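Input: a single structure, listed below in structure tokens.
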Amino acid sequence: MEELLRLENLSVEYKVQDGYLSAVKDVNLTVNKGEVLAIVGESGCGKSTIAHAIMRLLPLHNERITGGIVFEGQDLTKLSEKEIVGIRGHKIGMIFQNPLDSLNPVFKVGRQVEEAILLDGKTKEIAAKETEQLFADVKMPDPEKQMERYPYELSGGMRQRVMIAMMLSRYPDLLIADEPTTALDVTIEAQIMDILTKLKNERNTAVLLITHNFGIVAETADRIAVMYAGQLVEQGSVYEIFANPSHPYTERLMRALPRQSKKQGRLETIDGSVPRLTEILPGCRFANRCPYAKDICKTQDPPLVDQGGTHSYSCHFRKEDR
């Protein structure tokens, strides 16, 4: 497959009074054209930080980014603000986690989508027609009527459809979906994911899906990247990860998934909690919760272990040697 986006040793640190805190450390991954890559992990592990770093939308602008974010052969970290504005929306679109916070409450939703289309120099009449068609594409009932509504008049699922329509309006090559189904019921969740799958299949759009929902991942994603405390700990195809989880963290995440039968016993939990940025120590960041941890895990960064195919994980000990 043809590579679209590549993260090369991407690290994001936030400036504080005494120095910098590491939010994301040495992440390496690629997103290919026409595929869905899911980044999964607990809340606070750096998934959204990566998304905002790609879009150059990190808050407060007190961050320090090192490494590369290479999109279509161009390193986004080296672009000026004017140049990155030309890529946002047009080349890379982003569906934010809470659409109510992302939509302007004083403008009708149709006008907000039209504004994105007008950026490409189209007339207001064409923008209105394209917006109505986009609303139909994302399964909005009575699109013309919905265009005249304000965000507060729509349900969470409808607002999310508006956000997707806005991001599709300029036909991006990469769509970043940051928890696109948060707080939606399972029926609406399925409809939203069907829209994204249709987008991938019909327009060959790549999707970077950020989620903690393994059910969505199993049905939608082609590959998985598992993150923990700002580090990428395992990645591979959906089949490789679900059939053979190899990092201790991924193993425990899988054991914590709901099972089909009560006879399979209680769900397992992972003792401890994700370390805060101020509590991160040298070595493997999962060491304080890992049952296999030894002294080396607490002092040295783990090497990358090749499991074959596209499957790899970071650990001092191979799965079969634990």
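The values are calculated or read from the model by the stated rules, or taken from the named source; none is laboratory data. Predicted, not measured: the structure shown is a model, and the values here were computed from it. With ideal geometry, Cβ positions are generated from the backbone for all residues, glycine too; neighbour counts draw on all protein chains shown. These accessible areas exclude ligands, DNA and RNA; they are computed on the full protein's heavy atoms, side chains included. Shrake-Rupley method; radii C 1.70, N 1.55, O 1.52, S 1.80 Å.
For the reader, a short list of remarks on this structure follows.
- Alpha carbon centroid spacing (whole Å) that separates the stretch 305-322 from the stretch 91-141: 44
- Cα-only radius of gyration and Dmax that characterise the stretch 20-142, units Å: 17.1, 51
- Accessible surface of the stretch 184-300, 1.4 Å probe, proportion on carbon and sulfur as whole %: 49
- For the stretch 91-152, the carbon plus sulfur part of the accessible surface works out to 52%, probe radius 1.4 Å.
- Here the label points at E320 and A243, each 7 Å from Cα along the C-beta direction, are separated by 1.6 nm in the simple model.
- Helix-only CD estimate at 222 nm, as mean residue ellipticity for the chain, using -39500 (n - 2.57) per DSSP H run (n ≥ 4): -8500 deg cm²/dmol
- With protein chains left intact and a 1.4 Å probe, residues in the chain average 50 Å² of accessible area per residue.
- Rounded percent of accessible protein surface that carbon and sulfur make up, the stretch 37-76, 1.4 Å probe: 50
- Extension gain, L281 to K145, is 43.5 nm, computed as 0.36 nm per intervening residue step minus the present C-alpha separation.
- Comparing R149, R285, R159 in a Gaussian network model of the chain (Cα springs below 10 Å), the most mobile by mean-square fluctuation is R149.
- Distance distribution P(r), the stretch 35-96, all Cα-Cα pairs, bin width 5 angstrom from 0: 4, 14, 26, 28, 19, 8, 2 percent.
- Other residues whose C-beta falls under 15 angstrom from the C-beta of L209 contribute a net charge of -3, scoring Lys and Arg +1 and Asp and Glu -1.
- The convex hull built on the alpha-carbon positions of the chain has an orientation-averaged projected area of 18.4 nm².
- For the chain, share of DSSP beta bridges that run antiparallel, in % to the nearest 5: 65
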